[in-house]
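Taking it in order: structure first as structure tokens, then the write-up.
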Amino acid sequence: MFIQTEETPNPATLKFLPGKILLEKGTLEFKSPEEATNNSLASKLFTDANVKGVFIGKDFLTVTKSESVEWEILKPTLLSSILDYFSSGGEIENYESETKPEGNKIKYTKKDQEIVNKINELLEERIKPAVAQDGGDINFVKLQKGIVFLELRGACSGCPSSTITLKSGIENMLKYYIPEIDSVEAINQ
């Protein structure tokens, strides 16, 4: 097995490509060792105190490091851990570590629900694939008075260029296709 790595726009996050499907659907994000207790790969990676986050996508995983270590020091250890995990037959447990975004609980008017449906369609078809290329994910949280609230995950969370992506890319696209949208805000920047 050969594991490729790619830099992401977030200098604290590195993308690992093991060359296999990790999750059939959805994503998993772990921001602490405690959150990772039900996922053996994430738990293994968190044994290194310099690991601050693990995000697992369809065919990649990203690791976010502490500022106190450089990738040249940490990367070989992580590659070894990931290679050992998959070489010994390890699979990703698809335990849902997070609750669904609150947008699923909100009762919208018929008109607002149509807007929410369009937002989710654009996210799934146009935005999420591009964001996944950079090792991240984005989820709809809620629509409130023309403002779309999104959650940035994986490499996108805390990325220096995420504000530009959010405002110049995502907001412009959503406003173009859905004129009722006034702005887009991240809930976790």
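Remarks
- Annotation: residue 36 fulfils all but one of (1) crowded, with 16+ Cβ neighbours inside 10 Å; (2) closer than 28 Å to residue 164 by Cβ; the unmet one is (2).
- Taking first residues from the stretch 157-169 that are closer than 16 Å to residue 128 by Cβ and partners that are of a type in the set (Val, Ile, Thr) and surrounded by 15 or more Cβ atoms within 10 Å (Cβ to Cβ), the Cβ contacts under 7 Å between residues at least 6 apart in sequence or on separate chains come to 166/184.
- Odd one out for residue 156, checked against (1) more than 20 Å from residue 17 (Cα to Cα); (2) buried (at least 19 other Cβ atoms within 10 Å of the Cβ): (1)
- Residues of the stretch 37-64 that turn out to be among the basic types (Lys, Arg) and in contact with a Phe, Trp or Tyr (Cβ under 7 Å, 6 or more places away or on another chain), as a count: 1
- In the stretch 117-126, the residues that are crowded, with 20+ Cβ neighbours inside 10 Å and among the charged types (D, E, K, R): none
- Against the list (1) surrounded by 14 or more Cβ atoms within 10 Å (Cβ to Cβ); (2) within 15 Å of the chain's Cα centre (by Cα); (3) not in a loop (DSSP other than H, G, I, E, B), the condition residue 173 fails is (2).
- A single member of 43, 81 is without any contact (Cβ under 8 Å) to a residue 24 or more places away in the chain and of a type in the set (Ser, Thr, Tyr), and it is 43.
- No other residue among 143, 166, 122, 152 is in a strand (DSSP E or B), of a type outside the set (Lys, Arg) and within 19 Å of the chain's Cα centre (by Cα) apart from 152.
- For the stretch 9-33, taking the residues that are of a type outside the set (Gly, Ala, Ser) and over 28 Å from residue 160 (Cβ atoms), the one that is surrounded by the fewest Cβ atoms within 10 Å (Cβ to Cβ) is identified as 25.
- For the stretch 47-58, filtered to residues that are surrounded by fewer than 22 Cβ atoms within 10 Å (Cβ to Cβ) and of a type outside the set (A, V, I, L, M), the residue that is nearest to residue 70 (Cα to Cα) is 50.
- Failed item in (1) within 13 Å of the chain's Cα centre (by Cα); (2) farther than 16 Å from residue 152 by Cα, with residue 26 passing the rest: (2)
- The stretch 1-45, residues that are among the aromatic types (Phe, Trp, Tyr), more than 14 Å from residue 135 (Cβ to Cβ) and modelled with pLDDT of 90 or more: 30
- Summed over the stretch 127-138, the residues that are surrounded by fewer than 19 Cβ atoms within 10 Å (Cβ to Cβ) and not in a helix (DSSP H, G or I) give a count of 0.
- Only one of the numbered conditions (1) buried (at least 21 other Cβ atoms within 10 Å of the Cβ); (2) part of a loop (DSSP other than H, G, I, E, B); (3) of a type in the set (S, T, N, Q) is violated by residue 62, and that is (2).
The values are calculated or read from the model by the stated rules, or taken from the named source; none is laboratory data. Just so we're clear, the structure is a prediction, and the values are computed from it rather than from any experiment. Cβ atoms come from the backbone with ideal geometry, glycine included; neighbour counts cover every protein chain shown.
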